[in-house]
Amino acid sequence: ESSAEMVMRSLVFLLLLAVSSAKVFERCEWARVLKKYGMDGYRGVTLADWVCLSQWESSYDTGATNYNGLGSTDYGIFQINSRYWCEDGSPTSNGCNIKCSELLSDDVGAAINCAKRVVKDPQGVRAWVAWKRHCENQDLSSYVQGCGVMLMHVKAAVV
């Protein structure tokens, strides 16, 4: 078998391995995890914002990937882009200083830390198109309703 075939088999195996450790969270389960990691109010982003963003980016799926064309891919529950934030073999700034495959794990620590890094940039949460499209200036209370999370930061919708 050629070296190209061996590389392709290895990549397929690694992708299957990464996806096999992926997890699809339930809404409230994900809200509690985000709360535990200190995401409620992080850089002014409410817990409901994070839950909404994750719903629309990945349907709470840590194994989600989306190829954007032009050589970049979005990875994980936050759909973090390889061009700017992680390394997958394509040109990158690797702002989170991690391999993109780490964003596909059911151990969400790396993904959450990278999301914290993304939101520190001047765009903040607006870096996520799905947040701008579906969450910005909306009443997001339903995203955390019934989850038993005490909200430290509540942001009213702009009407």
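The values are calculated or read from the model by the stated rules, or taken from the named source; none is laboratory data. None of the values given here were measured: they were computed from a predicted structure. As a convention, Cβ positions derive from the backbone with ideal geometry for all residues, glycine included, and neighbour counts pool all protein chains shown. In case anyone asks, the SASA skips ligands and DNA or RNA and just uses the protein heavy atoms, side chains included. Shrake-Rupley method; radii C 1.70, N 1.55, O 1.52, S 1.80 Å.
Within region 143-159, is there a residue that is in a helix (DSSP H, G or I), open to solvent by 10 Å² or more (accessible area, probe 1.4 Å) and either modelled with pLDDT of 95 or more or among the acidic types (D, E) (or both)? Yes, because at least one residue in region 143-159 is in a helix (DSSP H, G or I), open to solvent by 10 Å² or more (accessible area, probe 1.4 Å) and either modelled with pLDDT of 95 or more or among the acidic types (D, E) (or both).
Which residue is farthest from V51 (Cα to Cα), if the candidates are limited to region 77-103 and must be of a type outside the set (D, E) and outside any loop (DSSP other than H, G, I, E, B)? Give the derivation first.
First pass over region 77-103, keeping only residues of a type outside the set (D, E): 77-86, 89-101, 103.
Now narrow it down to the ones that are outside any loop (DSSP other than H, G, I, E, B): 80-81, 99-101, 103.
On the way: I80: 15, N81: 18, K99: 24, C100: 21, S101: 22, L103: 17 Å.
Checked region 77-103; the qualifying residue farthest from V51 (Cα to Cα) is K99.
Confirm whether G148 is of a type outside the set (A, V, I, L, M, F, W, C), more than 16 Å from the chain's Cα centre (by Cα) and over 21 Å from R32 (Cβ atoms). No.
Within region 81-92, identify whether any single residue is among the polar types (S, T, N, Q) and under 20 Å from W131 (Cβ atoms), and answer yes or no. Explain how you work it out, then say what you get.
First pass over region 81-92, keeping only residues among the polar types (S, T, N, Q): 81-82, 90, 92.
After this cut, where a residue has to be under 20 Å from W131 (Cβ atoms) as well, the list is 81-82.
Scanning region 81-92 turns up at least one residue that is among the polar types (S, T, N, Q) and under 20 Å from W131 (Cβ atoms).
When restricted to residues that are open to solvent by 30 Å² or more (accessible area, probe 1.4 Å) and assigned to a helix (DSSP H, G or I), region 21-32 contains 3.
Here L70 meets the list (1) open to solvent by 40 Å² or more (accessible area, probe 1.4 Å); (2) among the aliphatic types (A, V, I, L, M); (3) touching a residue at least 40 places away in the same chain (Cβ under 8 Å) almost entirely, failing just condition (3). For first residues located in region 125-140 and under 19 Å from R83 (Cα atoms), partners that are surrounded by fewer than 18 Cβ atoms within 10 Å (Cβ to Cβ) and hydrophobic (A, V, I, L, M, F, W, C) and lie 6+ apart or on another chain with Cβ distances below 6 Å form the pairs A130/W56. Checked against the criterion of being β-branched (V, I, T), under 17 Å from L47 (Cβ atoms) and open to solvent by less than 30 Å² (accessible area, probe 1.4 Å), region 77-96 has at least one qualifying residue.
For region 97-112, taking the residues that are polar (S, T, N, Q) and open to solvent by 60 Å² or more (accessible area, probe 1.4 Å), the one that is farthest from the chain's Cα centre (by Cα) is identified as N97. Scanning region 20-37 for residues that are modelled with pLDDT under 95 and over 13 Å from the mean Cα position of the chain (by Cα) returns S20, S21.
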